[in-house]
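Taking it in order: structure first as structure tokens, then the write-up.
Read-outs: derived from the displayed coordinates by stated rules, not from any lab. Since this is a predicted model, take the numbers as computed values, not measurements. Cβ: placed from backbone, ideal geometry, glycine included. Neighbour counts: every protein chain shown.
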Amino acid sequence: MLKAESMWSPNQFIAILLLLGAAVFPPASWAASKQYFVYFGTYTGPKSKGIYVARFDAGAGKMGPLNVAAEIASPSFVALHPNGRYLYAVSEERSGSVSAFSIDRSSGTLTFLNRVSTHGNGPCYVITDKTGKTALVANYGSGVFASMPIGADGKLGEAVSVIQDKGKGSDPNRQEAPHAHSLNPSPNNLYAIGADLGLDKLFVFKLNAATATLTANDPPYAEVKPGSGPRHFAFHPKGRFAYVTNEMASTVTAFTWDGARGVLHEIQTITTLPSDFKGENTTAQILVHPSGKFLYDSNRGADSIAVFKIDPRKGTLTAVDNTPALGKVPRNFAIDPTGSYLIAANQKSDNIVVFRIDKNTGKLTATGDTAEVGSPVCVKFLAVK
């Protein structure tokens with residue numbers, strides 16, 4: 001019999017065990033439930049106090065009233081731990097920080113655990129790796145990616161990797177300096193992809209979940225067309241393809257993904273805008289449907305959700321629809337784990353809108369279910385136990 005190490009590297013072997021374990025003991029967010037908590041990050045002000053939570057019934061497509069889950073300054077992006085017991089939120093301020101909370105699984109309310117520095121200003125993104133041992137953060141203002149360990153108690157340790165991007169892009173107004181915008185673990189948890197809007201680059205880092213550290217891969221990055229401004233990034237569920245929304249160009253770039261070597265290869269770039277749209281627009285959020293059949297991207301200016309069909313063999317996109325967001329500046333949205341509904345957060349109109357997803361076409365239809373909260377900018381689902 002061949003020894004495991006003759007077939008895979010130690011990190012690859014760990015990743016395989018991790019994925020097998022997840023299949024047997026799935027995270028709470030994967031639970032076969034139709035009852036969810038939905039968390040909303042906001043920019044705080046007269047109409048918002050921090051993080052809000054509502055119950056959502058995916059069987060009926062109905063959202064309950066919003067309640068304050070935790071008061072915190074401008075939690076513009078939140079992330080859930082794989083075990084469903086903890087939530088993490090960046091505070092998008094000049095002196096950047098990320099906070100850890102425990103989750104009351106009966107009410108959805110949050111209890112503050114601790115806070116650490118993101119070692120940059122304007123943090124705009126946080127996520128955990130697949131094991132829940134590492135938090136990954138992007139600091140937009142200073143162009144810094146950071147990683148920090150997560151303890152067994154859910155608390156955050158001080159950052160162990162702080163990576164300062166350098167350079168500038170082709171647009172003197174938006175790309176005068178690096179602007180790290182998102183940082184996402186790969187499906188096998190061996191890499192993390194960092195999108196820098198200011199440099200038109202997707203940095204590829206090797207991820208060591210055991211030590212919560214990031215190191216440059218070889219090759220260290222992939223590039224998009226100058227002036228594109230890559231923002232958020234999404235992997236296809238099958239792990240063969242990946243997609244980035246280019247905020248400044250209002251496009252999506254599709255890639256093939258080599259998960260063994262950590263290499264992105266561009267295969268297509270396509271507009272997110274309706275053919276008849278005239279005016280200024282930037283994109284924001286991008287997600288692949290749980291089925292892997294469709295991709296969604298939000299337009300701020302056109303104020304719509306672009307819908308694309310994904311070719312299962314090639315990974316390329318075909319435009320299907322552009323659905324009005326029924327609000328101004330759809331900054332973020334999320335798809336419930338059953339794949340039946342999409343909830344969009346419209347930042348400038350202070351409203352949240354529920355859409356039904358046609359699982360055959362991917363098209364969106366507003367259900368009529370809405371809610372109001374000041375400057376909603378992030379949406380996350382958690383299964384209720």
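Selection of the stretch 69-78 for residues being surrounded by fewer than 22 Cβ atoms within 10 Å (Cβ to Cβ) and in a strand (DSSP E or B) yields Ala70, Glu71. Screening the stretch 306-327 for residues that are touching a residue at least 40 places away in the same chain (Cβ under 8 Å) and charged (D, E, K, R) and picking the one that is farthest from Thr370 (Cα to Cα) gives Lys314.
Taking the condition touching a strand residue (DSSP E or B) at 6+ places or on another chain (Cβ under 9 Å) and either part of a strand (DSSP E or B) or surrounded by fewer than 24 Cβ atoms within 10 Å (Cβ to Cβ) (or both), does Lys238 pass? Spelling it out, it is not the case that Lys238 is touching a strand residue (DSSP E or B) at 6+ places or on another chain (Cβ under 9 Å) and either part of a strand (DSSP E or B) or surrounded by fewer than 24 Cβ atoms within 10 Å (Cβ to Cβ) (or both).
Do we have any residue at all in the stretch 271-292 that's within 17 Å of Ala192 (Cα to Cα) and without any contact (Cβ under 8 Å) to a residue 12 or more places away in the chain? No, the stretch 271-292 contains no residue that is within 17 Å of Ala192 (Cα to Cα) and without any contact (Cβ under 8 Å) to a residue 12 or more places away in the chain.
Scanning the stretch 205-223 for residues that are crowded, with 19+ Cβ neighbours inside 10 Å and out of contact with any Leu (no Cβ under 7 Å at 6 or more places or on another chain) gives Asn208, Ala209, Ala212, Asn217. Residues that are surrounded by fewer than 17 Cβ atoms within 10 Å (Cβ to Cβ) and of a type in the set (Ser, Thr, Tyr) were ranked within the stretch 307-337; the one that is nearest to the chain's Cα centre (by Cα) is Thr316.
Of all the listed residues (Ser340, Ser304), the sole one being of a type in the set (Ser, Thr, Tyr), over 18 Å from the mean Cα position of the chain (by Cα) and buried (at least 18 other Cβ atoms within 10 Å of the Cβ) is Ser304.
Screening the candidates Lys206, Lys155, Lys201, Lys168 for the property of being touching a strand residue (DSSP E or B) at 6+ places or on another chain (Cβ under 6 Å), on the phi < 0 side of the Ramachandran plot and free of Cβ contacts under 8 Å to residues at least 40 places away in the same chain yields one hit, Lys201. Across the stretch 209-255, the number of residues qualifying as of a type in the set (A, V, I, L, M, F, W, C) and either in contact with an Asp or Glu (Cβ under 6 Å, 6 or more places away or on another chain) or in contact (Cβ under 8 Å) with a residue 60 or more places away in the chain (or both) comes to 11. Those strands (runs of 3 or more DSSP E) of the stretch 161-228 in which at least 1 residues are within 19 Å of the chain's Cα centre (by Cα), considering only elements entirely within it, cover 180-185, 191-196, 201-208, 213-223. The condition (being of a type outside the set (A, V, I, L, M, F, W, C), closer than 25 Å to Ser375 by Cβ, assigned to a loop (DSSP other than H, G, I, E, B) and out of contact with any Cys (no Cβ under 9 Å at 6 or more places or on another chain)) is satisfied by just one residue among Arg94, Arg105: Arg94. Among the residues of the stretch 108-148, the ones that are in contact with a strand residue (DSSP E or B) (Cβ under 7 Å, 6 or more places away or on another chain) and not in a strand (DSSP E or B) come to 13 in all. Examine the stretch 222-233 for a residue that is over 27 Å from Thr323 (Cα atoms) and among the aliphatic types (A, V, I, L, M), and state whether such a residue exists. Yes, the stretch 222-233 contains at least one residue that is over 27 Å from Thr323 (Cα atoms) and among the aliphatic types (A, V, I, L, M). Annotation: Glu280 fulfils all but one of (1) over 17 Å from the mean Cα position of the chain (by Cα); (2) within 21 Å of Ile335 (Cα to Cα); (3) not hydroxyl-bearing (Ser, Thr, Tyr); the unmet one is (2).
Starting from residues that are among the small types (Gly, Ala, Ser) and within 16 Å of Val379 (Cα to Cα), keep the ones in the stretch 87-115 and report whichever is surrounded by the most Cβ atoms within 10 Å (Cβ to Cβ). Filtering the stretch 87-115 for residues that are among the small types (Gly, Ala, Ser) and within 16 Å of Val379 (Cα to Cα), the one surrounded by the most Cβ atoms within 10 Å (Cβ to Cβ) comes out as Ala89. Of the residues that make up the stretch 328-339, is at least one touching a residue at least 60 places away in the same chain (Cβ under 8 Å) and charged (D, E, K, R)? Within the stretch 328-339, one or more residues are touching a residue at least 60 places away in the same chain (Cβ under 8 Å) and charged (D, E, K, R).
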